[in-house]
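The structure appears right after this line, and notes come after that.
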Amino acid sequence: MTDSEPGASSAALGGGRSDPATRRSRLRQYQEELLERVQAARTVTGAPTHQLGLEIGGERYLLDLVEAGEIVPVPPLTSVPLTQPWYLGLANVRGSLLGVVDLACFFGGQASELSPAARLVTFAPALGLPCGFLAARVHGLRQAAGMTPHEGRLLDADGNAWTPLALAALAQDERFLDLGLQLNK
């Protein structure tokens, strides 16, 4: 009987106890397979078929799922002195300190207000930036491939305009990375 046949023992499928190196190897293999599946979910043109719909500063944005980390309720924030007004401070998310940004304010709009629907969306670890941003509301998965391009935005079947949000580009933006206030000497 092979490992993939019904009735294979749990030990043969990896359900039994194993040493840490074997577990790490299996976890790495699982992560690689998961990444392959996410990449396979892209259409022939390379556009993601599913993106996360978010509301930031009253505008709707689409975020590629590959760039998103976790989505959590907004934790308590610790302010950091002498930073830009759009940098809200630090948050502890599952034992990791993350910088928290108000993208609505960063994009030139009004500062976001925290509501029960607000969420902290973290950058994917692959982006190499321990950061998250406030989303006033998470609209769930959207089919970007089925939307109509219009003036740099995408229109859904209901006529809602969505703006693509590229966290990878944001993570390389000099203005975004320079969060300290410029003090006159």
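Values for this structure:
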| quantity | calculated |
| --- | --- |
| Relative exposure of VAL121, VAL138, judged by other C-beta atoms within 10 Å (fewest first) | VAL138, VAL121 |
| Long-range amide H partners of ALA124 with built H, under 5 Å | ALA68, GLY69 |
| Fewest-first sequence of ILE56, ILE71 by Cβ atoms within 10 Å of each Cβ | ILE71, ILE56 |
| Whole-number percent relative contact order across region 50-177, with pairs defined as alpha carbons under 8 Å at least 6 apart | 30 percent |
| Phi to ³J(HN,Hα) by Karplus 6.51 cos²θ - 1.76 cosθ + 1.60 over region 128-136, Hz, x for Gly, Pro | x, 10, x, 8, x, 9, 7, 10, 4 |
| In Hz, Karplus ³J(HN,Hα) per residue of region 89-103 (6.51, -1.76, 1.60; θ = phi - 60°; x = Gly, Pro) | x, 10, 10, 9, 10, 6, x, 10, 7, 10, x, 10, 10, 9, 5 |
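Computed from the coordinates by the stated procedures, all read-outs in this text should not be read as laboratory data. Quick caveat: nothing in here was measured; it's all calculated off a predicted structure. Quick reminder, even Gly has a Cβ in these numbers, built from the backbone with ideal geometry, and neighbours come from all protein chains shown.
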